Each structure stands twice: as structure tokens, then as C-alpha cells.
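The values are calculated or read from the model by the stated rules, or taken from the named source; none is laboratory data. From a predicted model like this one, the values you see are computed outputs, not experimental measurements. Virtual Cβ from ideal backbone geometry, glycine too; neighbours counted across all protein chains shown. The accessibility values were calculated without ligands, DNA or RNA, using every heavy atom of the protein model including side chains. Shrake-Rupley method; radii C 1.70, N 1.55, O 1.52, S 1.80 Å.
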Amino acid sequence: EEREQCAGELERLGREDKELFSRRQANETARRKTAEGYRRRKELRARYTVIETLRDTAGGKLSRKRIDFQTYIQRRYFGQVISAANERLVKMSANQFILRCRELSNLGTVGNVGLDLDIYDIANDRIRDVKTLSGGESFMAALSMALGLSDVIQRRAGKIRIDTMFIDEGFGTLSDDTRNQALSLLADLSEGDRLIGIISHVTELKAQVEKKLVVTKTDEGSSARWQ
């Protein structure tokens, strides 16, 4: 009886041994895969940290100013445009105004910033937001920026030449002296084969322009004639 009992116990232990061996083999395989997974995760986490930092840097998320990479590059070109614009604005404003790209330390923290414009008032020796300019002053600043952008484009792309420019209104907000200064600047620009067109209803301006295309509204439509 005892021998039969031991034989049965031995058979049971043999089955249990095989079961434990199979389980151990499965656990060993799982342990190796888990260790490899942790090692791979560590490598990916290190790589992700680098890429995430680059992404946040390019997206402007590492600074409260939120200046992304695109805006940072634009500021470099924007400075060139402003420099070219000031050559005209100083002349038109009788040495009163100079455009400036706002310093990084003075930028806001809401939304995308970086291309904000300020105006330096030479007479009062102070800097203020370009939005505080009057209508006539804003026109001079806008015209100067347009001309400055034209200069930069032509300098950086030799094959591109801007031969024609049309200005739509704005002269009505200018004083007589400022209007004369603006026209003098445009006359200098139009020398040679460059065409400067002005769209305006200002009577005084019409008298100062030699070649005019007058558009008249009628009941049957509009008519145009050269004067």
C-alpha cells in the first residue's frame, strides 16, 4: 500500500514539476521581453525628450513671449524692412519719426507676438505703439513700410523687380506739407521706368499730378478719360 501511495505521489509530483517548468519557461521569456521593453522605453524616452524640447523651442513654448521659430526668422527680415522704411519715413515726417521693431523684453505674453511695431518720436524723445499715430502719420508709416518691403525683396531676389505700385487713398488725411513731402518722395521713386499710381479723390492732389486717368460715374456706368 505504501509503495503504491509513493508511486502515486511521485506521479503527481512529476506532473507538477512539468507544469512548474513550463510556467518558469514562460516567466523567463516574459522577463526577458519586459527587460528589453524597459531598455527600449528608456532609449525612446531620451530621444523623445530631445525632440519635445526642439518642438517646444520651435513653437515658442519655452518662453512666456511665445515667439515661435517662424516668427524669430521673420524678425530678422522684418528688421531689414524697417531699416529700409525709415529711410523714407524720416524724410516724409521731417525728421520726426523712426519705426522700430519692439524689443523682446517689451513684448506681450498673450497670443503670438514678435512682429509688433513701435514708433520713436524724435521730437519728444519717447517710444510709443505705432497704433497711436494719427491718420496722416499712419499713412506715412504704411507707405514707408511698403516701399521698404519692395527694396528688401529686390535686394534679396535679384531677378525680381517691382516696377509698378498703386496707392489707394490715404492722402486725404495728410497735411499740405506732409502731402507735398510724400509726393516728392514718390516723384523720386518714379524716375526712370517705374510707374507710381495714386487712387484718390483729394482735389488738391489732383492738381499736383500731371498725368491723370479720371473715372466718372454716370447712369449708364462709369467712363474713364486721360487728362
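Descriptive notes on the structure:
- Whichever residue in the range 67-105 is surrounded by 12 or more Cβ atoms within 10 Å (Cβ to Cβ) and of a type in the set (Asp, Glu) and, among such residues, is modelled with the lowest pLDDT: ASP68
- When ASN124 is tested against (1) within 30 Å of GLN70 (Cβ to Cβ); (2) open to solvent by 50 Å² or more (accessible area, probe 1.4 Å); (3) without any contact (Cβ under 8 Å) to a residue 60 or more places away in the chain, just one condition goes unmet, and that condition is (1).
- The range 176-186: number of residues that are in contact with a strand residue (DSSP E or B) (Cβ under 8 Å, 6 or more places away or on another chain) and open to solvent by 30 Å² or more (accessible area, probe 1.4 Å): 0
- Where a residue in the range 47-64 is assigned to a helix (DSSP H, G or I) and its partner, wherever it lies, is modelled with pLDDT of 80 or more and not aliphatic (A, V, I, L, M), with Cβ under 8 Å and at least six apart: THR57/PHE69; ALA58/PHE69
- Evaluation of VAL152 against (1) farther than 23 Å from LEU104 by Cβ; (2) surrounded by 16 or more Cβ atoms within 10 Å (Cβ to Cβ) (one fails), failing number: (1)
- Filter result for ARG161 (open to solvent by 70 Å² or more (accessible area, probe 1.4 Å) and in a helix (DSSP H, G or I)): no
- Among the residues of the range 165-175, the ones that are open to solvent by 70 Å² or more (accessible area, probe 1.4 Å) and modelled with pLDDT of 80 or more come to 1 in all.
- Residue tally, condition open to solvent by 100 Å² or more (accessible area, probe 1.4 Å), under 30 Å from GLY114 (Cα atoms), modelled with pLDDT of 85 or more and hydrophobic (A, V, I, L, M, F, W, C), over the range 19-66: 1
- Members of the range 127-161 found to be in contact with a Leu (Cβ under 9 Å, 6 or more places away or on another chain), over 14 Å from THR178 (Cα atoms) and touching a residue at least 40 places away in the same chain (Cβ under 8 Å), listed by number: MET145, LEU147, GLY148
- Residues (part of a strand (DSSP E or B) and surrounded by 13 or more Cβ atoms within 10 Å (Cβ to Cβ)) located in the range 187-227: ILE196, GLY197, ILE198
- Criterion: out of contact with any helix residue (DSSP H, G or I) (no Cβ under 7 Å at 6 or more places or on another chain), among the aliphatic types (A, V, I, L, M) and farther than 30 Å from PHE69 by Cα - qualifying residue of ALA142, ALA146, ALA187: ALA187
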